[in-house]
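One structure is given here, and the rest of the page talks about it.
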Amino acid sequence: QVQLVESGGGLAQPGGSLRLSCAASGFTFSSNAMAWYRQAPGKQREFVAIIQTDELPKYAESVKGRFTISRDNTKSTVYLQMNNLKSDDTANYYCSVGYGGYWGQGTQVIVSS
């Protein structure tokens, strides 16, 4: 069965960086687009970034220029490098197969001084 396991969340200061990872299994990773979403307390889950099989990325306007999505097909892993973090980036971050086909359990990111 499809499994997505996120890691790398934690506490960061404003302006800091974190790198999230999502290890995937149970499907042909290289044949699928992979995405990151996030859900802040009291808010709906929102799209963050997606990377296609040809590694073409797409970002939400709110993270463009600060976040970078990448993938390693040899490790079946998708990454989200988050730089210049802001308090508004505080959320649980989830990876998904494509636009929400399957979900991981999430990893929490807190941006606070």
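Readers should treat all values here as calculations from the given coordinates under stated rules, not as data from a laboratory. A quick note: this is a predicted structure, and the numbers were derived from the prediction, not measured. In this analysis, Cβ positions are derived from the backbone assuming ideal geometry, glycine residues included, and neighbour counts consider all displayed protein chains.
Placing unit charges on C-beta atoms (Lys and Arg positive, Asp and Glu negative, everything else neutral), compute the dipole magnitude of the chain about its Cα centre in debye, rounded to 20.
With only Lys, Arg, Asp and Glu charged at Cβ, the dipole is about 120 debye.
Report ³J(HN,Hα) in whole Hz for each residue of segment 92-107, in order, from the Karplus equation J = 6.51 cos²θ - 1.76 cosθ + 1.60 where θ = phi - 60°; Gly and Pro get x.
Ordered by residue, 3J(HN,Hα) equals 8, 9, 10, 9, 9, 7, x, 7, x, x, 9, 10, x, 8, x, 9 Hz.
Can you work out the Karplus-derived ³J(HN,Hα) for every residue in segment 65-77? Use 6.51 cos²θ - 1.76 cosθ + 1.60 with θ = phi - 60°, whole Hz, and x for glycine or proline.
Values per residue, Gly and Pro as x: x, 10, 9, 10, 9, 8, 9, 10, 5, 6, 10, 6, 10 Hz.
Hey, what did the chain get for relative contact order, percent, Cα under 8 Å, at least 6 apart?
37 percent
Given axes a ≥ b ≥ c from the Cα gyration tensor, I'd like to know whether the chain is rounded (a/c under 1.5), prolate (a/b larger than b/c) or oblate.
The shape class here is prolate.
Using mean Cβ contacts within 10 Å as the protection proxy, how do 30-36, 104-110, 76-82, 56-62 order, highest first?
Final packing ranking: 76-82, 30-36, 104-110, 56-62.
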